[in-house]
Amino acid sequence: MSLSQDAITKILKTLEGRYPRAGTALTHKNPFEMLIATILSAQCTDKRVNTVTQVLFKKCRTPHDFVRLGKGNLERSIKTCGLYHTKAKNIVAACRMILNDYEGQVPQGREALMKLPGVGRKTANVVLSNAFGIPAIAVDTHVFRVSHRLGLVKARNPEETEKQLMEVIPRRQWSRAHHWLIHHGRALCHARKPNCLECPVRQWCQDFNERFPIKKSPGSIAQPGA
Ligand code: SF4
């Protein structure tokens, strides 16, 4: 059984109340820094990326600076972020393309962003929403897991998940809902052991209600193990 639009509205409102200041934790001053930080954040914590970029962005402020720095030096600067060979190669190549094809500016369209080396759909959506304020839903592991558990979507992959989320969430909430779902995944709806007892949206959560199907008297909230 799929969630009613009313239940979806209540879930979103509740998550908004729970995570009112949810936003990107990646430190950035402009779209270019957001792009570099997002590429670095693959399989790395935001905290680690911020530590690295705090130093890196002092010596490299523009695409030209990164090209001049070169792959080898960049690898040394970003080593602690992991996957540093690939990330350095992609960042230098992306900077070259931004200089050659986009007059040194980060492009504002998803298609153009996705042409940049190291930029997939998720990264493009993160940059669109956080750097340019264009509504988008980036589906990472938290968004995928939480939206499926809640019953917001039933999809086989991130792209289908994104499409289905865009259908059930109002456009004006896309970017913020993405952050609410990430924060909820980090705070309570953990991959291995979700903390359902503390969860403010459990009464609408499909996964919770399937795991703990109990008879509910009107107005009551399900209790696990009851
Ligand atoms: S009730 Fe549990 S599974 Fe459902 S969203 Fe909350 S923490 Fe996740």
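Values in this text are rule-based calculations from the coordinates and carry no lab data. Model, not experiment: these values are computed from the prediction. Every residue, glycine as well, gets a Cβ built from its backbone with ideal geometry; the counts of neighbours run over all protein chains shown.
List of remarks:
- Close Lys pairs in region 31-132 (alpha-carbon distance under 15 Å; sequence gap of 8 or more, or different chains): 8.
- The slack in the chain from A25 to K79, taken as 0.36 nm per residue of separation less the alpha-carbon distance, amounts to 17.4 nm.
- Residue list for region 63-102, given a label point 7 angstrom along the Cα-to-Cβ vector of Q43 and an amide N cut-off under 11 Å: 82-87
- Net dipole in debye of region 31-132 [+1 Lys, Arg Cβ; -1 Asp, Glu Cβ; about Cα centre; nearest 20]: 360
- Cα gyration tensor category, rounded, prolate or oblate, for the chain with a/c compared to 1.5: prolate
- Compared with the alpha-carbon gap, the fully stretched path from A93 to F132 is longer by 11.8 nm at 0.36 nm per residue.
- Length gained when the stretch N100-R61 is fully extended (0.36 nm per residue, less Cα-Cα span): 12.3 nm
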